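So the structure is just underneath, and the comments pick up after that.
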Amino acid sequence: MEILNQLLYWISTGLMLPVVVVLLFLFLKALAALGGFYSSYISRLKVGKLVQPFMSGLSQKSLKESRLPAGKNVLVTYLDQLVQAKGSEVRREKILNEFELDMSRQLSSTKNMSKLGPVLGLMGTLIPMGPALVGLASGDIASMAENMQVAFSTTVVGLIVGAIGFTLTEIRQRWFAKDLATLQFIADLITEENEKA
């Protein structure tokens, strides 16, 4: 039993360095995701000023008479693809499915951060607790304090990564749901106009 305990102790302490390295990598990735989010937000504001009049104009005139908004944005790109595929319902369905897959792929990074951050933070908390307790038992208060500092630091970093990932995922999911509703409306409008023609 002593051998098994020692083996488990070595495995857990051996995992400390990889956990800290991955946690630091995720923290840097979370900061980069925040920068990317700000850029996406500004882009959405600009495109929203173009898409909103286009959508409002569809209540007064048909899609054929309306001019598509121009710009470099995912929504505008898929809107253009839908209008180009107005003759084929199958192609329109494929475009909508591709949009959903594209958005799911974009969300996977922040979703993973929201789950992995707290898990790695907890691992980084529990792993140094063993050496800290050993230090306490042997009277080495300095070793215990150092291990406890590592434990609490990894917890905080893990929670920050998780919070950033969760927040960005939630906001982007709302954005993508709104974009999908817009694309679905345009696809249904095309179908309706085709039936009338």
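Summary table below
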quantity	calculated
Count of residues meeting criterion [touching a residue at least 24 places away in the same chain (Cβ under 8 Å) and of a type in the set (G, A, S)] in the stretch 1-32	2
Unique match (being touching a residue at least 24 places away in the same chain (Cβ under 8 Å), in a helix (DSSP H, G or I) and closer than 30 Å to L82 by Cβ) among L107, L116, L122, L101	L107
Flag if G158 is small (G, A, S), in contact (Cβ under 8 Å) with a residue 40 or more places away in the chain and in a helix (DSSP H, G or I)	yes
Qualifying residue in the stretch 189-196 (condition: of a type in the set (S, T, Y) and in contact with an Asp or Glu (Cβ under 9 Å, 6 or more places away or on another chain))	yes
Condition met for F37 (in contact (Cβ under 8 Å) with a residue 24 or more places away in the chain and either in a helix (DSSP H, G or I) or not aromatic (F, W, Y) (or both))	yes
Test for A145: is it in a helix (DSSP H, G or I), within 14 Å of G121 (Cα to Cα), hydrophobic (A, V, I, L, M, F, W, C) and without any contact (Cβ under 8 Å) to a residue 40 or more places away in the chain	no
Candidate set: the stretch 140-154, residues that are of a type outside the set (A, V, I, L, M) and more than 12 Å from F27 (Cα to Cα); chosen: the one surrounded by the fewest Cβ atoms within 10 Å (Cβ to Cβ)	Q149
Tally, over the stretch 6-22, of residues that are more than 15 Å from M129 (Cβ to Cβ) and not aliphatic (A, V, I, L, M)	4
Within the stretch 105-117, tally of residues that are among the polar types (S, T, N, Q) and exposed (fewer than 12 other Cβ atoms within 10 Å of the Cβ)	1
Residue identified as buried (at least 19 other Cβ atoms within 10 Å of the Cβ) and among the small types (G, A, S) among A85, A132, A137	A132
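No lab work stands behind these numbers, since they all come straight from the coordinates. The model shown is predicted, which means the values in this text are computed figures rather than measured ones. Note that each Cβ is placed from the backbone with ideal geometry, even for glycine, and that neighbours are counted across all protein chains shown.
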